């Protein structure tokens, strides 16, 4: 097959851009597996750094997962009814509230964290527990669930479906769980995907809110970058990627399947 | 299923913007009766149905199912079955899931639910489709599932909002007769809203014609067609020819284009007749005019005859003779088919 020189040029350009973006990532990953980064790969490959990171920092990994799951649950419990209420109200106040909800995303995380510290910092037990960080994460990630859920709710002719359920004898709470929630699955899942990802990687807020006893993975990363060997920091990044990439792929696949089912 | 009497007493519904959708409506729907609510869009027919359903509550007046005052009950406590205009089937459930939804809420056991579901699938002729997804169904099948879902919990009253409007013409005709058979077989009190006079005539035991939130006429289809209460009803149900009367003559009434036979003692200002009651006559005739249009409609032809009035007369002729355009046409009319209207 004969291809034009234009095609070859375009392909070359694309590959160059890809390389520009991917090579640093790959180099960093390789650094985590290299015995001595300054001598290069010739010094040999090893899992020692990974094991060392795991021994030192595994609590941060578990805490991050715990936070992300708890955050997703909280955001669902608050966000789905909130989205429903906002769609149902659809007036000046609901739109103003929607804007207000996005504020913690627009504001620098440090500022929201400072506000939380000023308000709740004096409650020692709460301040030093991981729940303090959870509050910050919920505030920050809430709009990322509410927005897609609202979008799906507006598409679904929910008022008529609810009237149909009511005509069959379903009261308001039954209608919410048997009609509203199942018909927003795709939106809820897309939101949860976003929330889990953001919570796992959140640094700004978390760095201000954490205590030495409540370090998350990104905070631990910053620590290791500042104080440990380059190989250790790189191995740490590798662990983070190993954790988050399969999760992202799995969640993407589920949401793709769900949205296919709906568009049939 | 025995029929329930539905009674509306002085029901009035105004919306937040001040428009009154329904003015002081008094209406009694007999047990087992099928009532068609007919009218142009915005006449209050859907609001009336929603008042009966409990999806709207009246600003004044009361609604009774038999002797039970249901005015303050929400729809989920009224025990009504409802078929929505676009069916509103639950897309997250399959056909059987939709049908048993109401049974689950009433707490029936899985065995009872399956039995009732099978009965209904058979009733609407969808035995093989229980496991189908809603997305896989055609328009007609969706309509049947919506009907089966509404009937499954054995409601006291069946309400249908434009049940056939979303279907194409041929399917509409077939489902109309199926629906008619079904409603008669069940003997359930049912109310349906339509803007299609043919549908109202075919399905309704009585027709409630509404105009601007008020009752224009409540009568059987035959009465509505033959003795319309006013000009609005007459023009909305079927086509109409109007003859402004010029003067009284020895044999009848002089109108533009000729003379009509009239046996009444009164002198009306306008008399009316239906297009199918005007006959094309070769010889002696009551009216004469020029043919300005001819439309072949299969079983009959619609002729437009200009007799010098404001609008050409509509004539439905069964003989299908092709007339030359502009030909002089003689028309005859029997005195008993002419009628007058209160404006």
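The values are calculated or read from the model by the stated rules, or taken from the named source; none is laboratory data. Values in this document were obtained by computation on a predicted structure and should not be read as measured data. Heads up, the Cβs are rebuilt from the backbone with ideal geometry, glycines too, and the neighbour counts pull from every protein chain shown.
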Query raised in the report: Out of all the residues in segment B:149-165, which are within 14 Å of chain A (Cβ to nearest Cβ) and either assigned to a loop (DSSP other than H, G, I, E, B) or surrounded by fewer than 17 Cβ atoms within 10 Å (Cβ to Cβ) (or both)?
Result: B:152, B:153, B:154, B:155, B:156, B:162, B:163
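Conditions tested, residue by residue: (1) surrounded by fewer than 21 Cβ atoms within 10 Å (Cβ to Cβ); (2) more than 12 Å from chain A (Cβ to nearest Cβ); (3) in contact (Cβ under 8 Å) with a residue 12 or more places away in the chain.
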{"residue": "B:73", "(1), (2), (3)": "yes, no, yes"}
{"residue": "B:109", "(1), (2), (3)": "yes, yes, no"}
{"residue": "B:141", "(1), (2), (3)": "yes, yes, yes"}
{"residue": "B:147", "(1), (2), (3)": "no, yes, yes"}
{"residue": "B:175", "(1), (2), (3)": "yes, yes, yes"}
Report task. Among the residues of segment B:75-99, count how many are part of a helix (DSSP H, G or I) and more than 7 Å from chain A (Cβ to nearest Cβ). Result -> 6
Requested in this report: Test residue B:102 against the criterion of being more than 8 Å from chain A (Cβ to nearest Cβ) and closer than 12 Å to residue A:169 by Cβ, and give yes or no.
Outcome: no
Report task. Inspect all residues belonging to segment A:188-195 and state whether any of them is at pLDDT 85 or above and within 14 Å of chain B (Cβ to nearest Cβ). Result -> yes
Query - Condition broken by residue B:209, with the remaining ones in (1) surrounded by fewer than 21 Cβ atoms within 10 Å (Cβ to Cβ); (2) in contact with a helix residue (DSSP H, G or I) (Cβ under 6 Å, 6 or more places away or on another chain); (3) touching a residue at least 60 places away in the same chain (Cβ under 8 Å) satisfied - result: (1)
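Among the candidates B:29, B:52, single out the residue that is surrounded by 14 or more Cβ atoms within 10 Å (Cβ to Cβ) and more than 14 Å from chain A (Cβ to nearest Cβ).
Just a single option satisfies the conditions, and that option is B:29.
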Report summary line: Residue count, segment B:111-139, condition within 24 Å of residue B:78 (Cβ to Cβ) and in contact (Cβ under 8 Å) with a residue 12 or more places away in the chain, comes to 6
Requested in this report: Sort out which residues of segment B:258-273 are touching a helix residue (DSSP H, G or I) at 6+ places or on another chain (Cβ under 9 Å), part of a loop (DSSP other than H, G, I, E, B) and surrounded by 14 or more Cβ atoms within 10 Å (Cβ to Cβ), and write them in order of number.
Outcome: B:262
Report task. Could you list all residues from segment A:160-181 that are assigned to a helix (DSSP H, G or I), surrounded by fewer than 20 Cβ atoms within 10 Å (Cβ to Cβ) and touching a residue at least 24 places away in the same chain (Cβ under 8 Å)? Result -> A:176
